[in-house]
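Right, one structure below, let's go through it.
Each reported figure results from applying straightforward, stated rules to the coordinates on display, with no laboratory input. Worth saying up front: this structure is predicted, and the values here are computed from it rather than measured. Cβ coordinates were reconstructed from backbone atoms using ideal geometry, including for glycine residues, and neighbour counts include every protein chain displayed.
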Amino acid sequence: MTTETSDSTGSDIRVLLVDDQPLIRLGFTMVLGSVDGISVVGEADDGAAGVALTESLRPDVVIMDVRMPGVDGIEATSLIASRFPLTRVIILTTFDLDEYAFAGLRAGASGFLLKNARPAELIQAIRSVAAGDAIVAPRITRRMLDLFGSQLPDDAAAPRAPAADRNSLLAALTEREFEVFGAVAKGRTNAEISAEMFLSESTVKTHVGHILMKLALRDRIHAVVLGYETGVVASGRD
């Protein structure tokens, strides 16, 4: 089942809902329908329909369930992240340290949201990812890496470059950027990196921006994942 609507304005954040439970979609639509600046432009009840609607509607944000029949949310997120880089995906999950939620982050999602999240949390999450921010604390992503990273097969995420190629990306970083990357990959905030490296927060912010650009990463969450995959940060260590 797919549904398209076209009542959004040019300045609205365009949201696509993908969930096989009609009541979940209805609840989210009711919440978002009363919010200025956010419009639900379509609904889908499986991953394949979600990818197709993303192609036709080009939403800013996709709210994606992970457990669906047919094409699940992980595969759909991988396809959306690779084909439509301007669209951000928020994974829906039932509890925060969930291997499916982690697999969604590896596949390219910008964060996850609990299905029982409060309306204010849903709205803030959509606005945050639409602005280019991740909505999962890097420390939680790091805990997910420690818990689930070694358990997931490579096909649980988007296709990735070979390890040698991923490590060669890091060669583009300056020595200081590499140090900052390592700190980001450990889940450090800008304030913590500033204190540890005796740098101003504005300087750290600039370094992080350069790092994300050079490594073609969407946000800090994916810097944490890359740090794990390249061995810059070892699982289970601070």
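If the chain between Arg127 and Glu55 were fully stretched, how many nm would it gain, using 0.36 nm times the residue separation less the Cα-Cα distance? The partial results should precede the final answer.
On the way: separation 72, 0.36 × 72 = 25.92 nm, distance 2.11 nm.
Once the chain is fully extended between Arg127 and Glu55, it gains 23.8 nm.
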Query - For Arg88, residues with placed amide H under 5 Å, excluding near neighbours - result: Val61, Val62
Report summary line: Expected unfolding gain across Lys205-Phe95 under the 0.36 nm per residue rule, minus the alpha-carbon gap, is 36.5 nm
Query raised in the report: Amide H neighbours of Asp46 under 5 Å, counting only residues 5+ apart in sequence or on other chains, H built in-plane at 1.01 Å?
Result: Asp19
Query raised in the report: Taking square-rooted eigenvalues a ≥ b ≥ c of the alpha carbon gyration tensor, is the stretch 13-143 rounded, prolate or oblate, where a/c under 1.5 means rounded and, failing that, a/b exceeding b/c means prolate?
Result: rounded
Requested in this report: For Lys214, go through the lysines and keep the ones whose alpha-carbon is under 30 Å away, minus same-chain ones fewer than eight residues off.
Outcome: Lys186, Lys205
Query raised in the report: Ala120 versus Ser82, label points 7 Å from Cα toward the beta carbon: distance in nm?
Result: 4.0 nm
Query - Using θ = phi - 60° and Karplus 6.51 cos²θ - 1.76 cosθ + 1.60, couplings along the stretch 20-28 (whole Hz; Gly, Pro as x) - result: 7, 9, x, 5, 5, 4, 4, x, 5
